[in-house]
Amino acid sequence: MGFLIAMFIVAVSCLLVTYRTLASYSNFSVITRIVIFALLFIAWFSPVILRGLRHFDILNGTAYAITAKSAYFLMGFAFILVMLLIVRDVIWYIIYLASHNNDLNPDNTALLNRNNLITVIVTLCISVYAVYEANKTPNIKEITITDDKIKEDVRMVVASDLHIDLATPLWQIKNIVNAINAQNPDYVLLVGDIIDDIPQDLKAKMEELKKIKAQKIYLSFGNHEFYNSPIKWMIEFTNMGFEVLHNTGTLIGNTGIYIAGVPDDRKEKHNWEKMLYDAGDSDYKILMSHAPSIVKQLDEGQFDLQVSGHTHGGQIFPFNFLSKTANEGYLAGLYDVNGTKLYVTRGAGFWGPPMRLLAPSDITVINFKGTDNEK
């Protein structure tokens, strides 16, 4: 509840700041002011509005998908716009106060309107680029981990945060699946927030996701699986042939690698003993945890590697600073935490605004090699 109240306060504050800067000091007509306010309101309250449209069954199918993409685009546009307005005004006032040049007075309505127009155009250009970044095929990152516990070399693909929902186009899922398959993985680890809707609305899209090719696909739940009928998704993913690791673990063949998964549910206690029940001391142990901060709960040597997502790398700059803080200092890449390696992917998709800015999506290949293995 506290989080929702905080988000409401932020949304209202940003709405008022943006509207006041763009319209309050201008000589716009009443109708123009109403249109500006309405667009900004839709932008800042898109999640609430869209949830209402779904809940009351006002829009479905293609109509909802188009509406959702448009509304969330406005949300991303408004976020970038308010950041640019704040930075612009700070710089503007510093220059004005330092120069004492009255021609640069921020109270000059004509100058303000001109600068507002320039800022809106710049924001639109940045937003279009951010849409491109979010919707292009994710970057492929590749790392190698060598350890004497590993008996056979293994190639794994790690992907998270696809956030497949009613508005996700099939071509986007196809691109991600093709990118994964092109890496010829032995195993695929899907580390949460793979979906963002209920199973019955994503049948065709799950048929595309099933085309991932690997000896085995392991999946752990993120927070968004728990928002959308988790029991139904447990059944759906199992029927798709994916192995859902939910406080459970398994040894992968004769590789010497043991993999476990923890659900990202704040209400559920993590059962480490159950997860590691079949693990031996000599096994290389991997933990799939959607939230990277779980690594701080691990005892030294409990797991050798944790793979996570959740952060989106911040998704839209400068949100990365907040995302890093919210995830206890972990944003993207490889970390060493109390003897455990932590790898955080930026995710292959996006949530909310169909944008990524200075936080490119990625799919990661991890090559596991034994110290004495030769191929």
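Structural remarks
- Test: Thr62 is among the hydroxyl-bearing types (Ser, Thr, Tyr) and either at pLDDT 90 or above or over 29 Å from Asp201 (Cα atoms) (or both): no
- Flag for Ala167 being within 16 Å of Met355 (Cβ to Cβ), part of a loop (DSSP other than H, G, I, E, B) and hydrophobic (A, V, I, L, M, F, W, C): yes
- A count restricted to the range 125-155 and to residues that are more than 27 Å from Arg51 (Cα to Cα) and in contact with a Pro (Cβ under 6 Å, 6 or more places away or on another chain) stands at 2.
- Unmet criterion (only one of (1) at pLDDT below 95; (2) within 19 Å of Leu342 (Cα to Cα); (3) open to solvent by 10 Å² or more (accessible area, probe 1.4 Å)) for Asp201: (2)
- In the range 232-242 there is no residue matching the filter, namely being among the charged types (D, E, K, R) and within 16 Å of Val307 (Cβ to Cβ).
- Residue in the range 241-253 that is assigned to a strand (DSSP E or B), of a type in the set (S, T, N, Q) and open to solvent by 10 Å² or more (accessible area, probe 1.4 Å) present: yes
- Matching residues in the range 269-288 - criterion: being in a loop (DSSP other than H, G, I, E, B), farther than 16 Å from Gly370 by Cα and touching a residue at least 12 places away in the same chain (Cβ under 8 Å): His270, Asn271, Leu276, Tyr277, Asp278, Ala279, Gly280
- Filter result for the condition that a residue is touching a Ser or Thr at 6+ places or on another chain (Cβ under 6 Å), in contact (Cβ under 8 Å) with a residue 24 or more places away in the chain and either among the β-branched types (Val, Ile, Thr) or open to solvent by 10 Å² or more (accessible area, probe 1.4 Å) (or both), over Asn175, Asn181: Asn175
- Looking only at residues of the range 303-326 that are in a helix (DSSP H, G or I) and polar (S, T, N, Q), we find that the one that is farthest from Ser282 (Cα to Cα) is Asn320.
- Residue check for Asp336: in a strand (DSSP E or B), open to solvent by 10 Å² or more (accessible area, probe 1.4 Å) and either within 27 Å of Gln302 (Cβ to Cβ) or among the charged types (D, E, K, R) (or both): yes
- Residues of the range 111-127 include at least one that is farther than 27 Å from Met75 by Cβ and either surrounded by fewer than 17 Cβ atoms within 10 Å (Cβ to Cβ) or touching a residue at least 40 places away in the same chain (Cβ under 8 Å) (or both).
The values are calculated or read from the model by the stated rules, or taken from the named source; none is laboratory data. Because the structure is predicted, anything quoted here is derived from the model rather than measured. We place every Cβ from the backbone using ideal geometry, glycine too, and count neighbours over all the protein chains shown. The accessibility values were calculated without ligands, DNA or RNA, using every heavy atom of the protein model including side chains. Shrake-Rupley method; radii C 1.70, N 1.55, O 1.52, S 1.80 Å.
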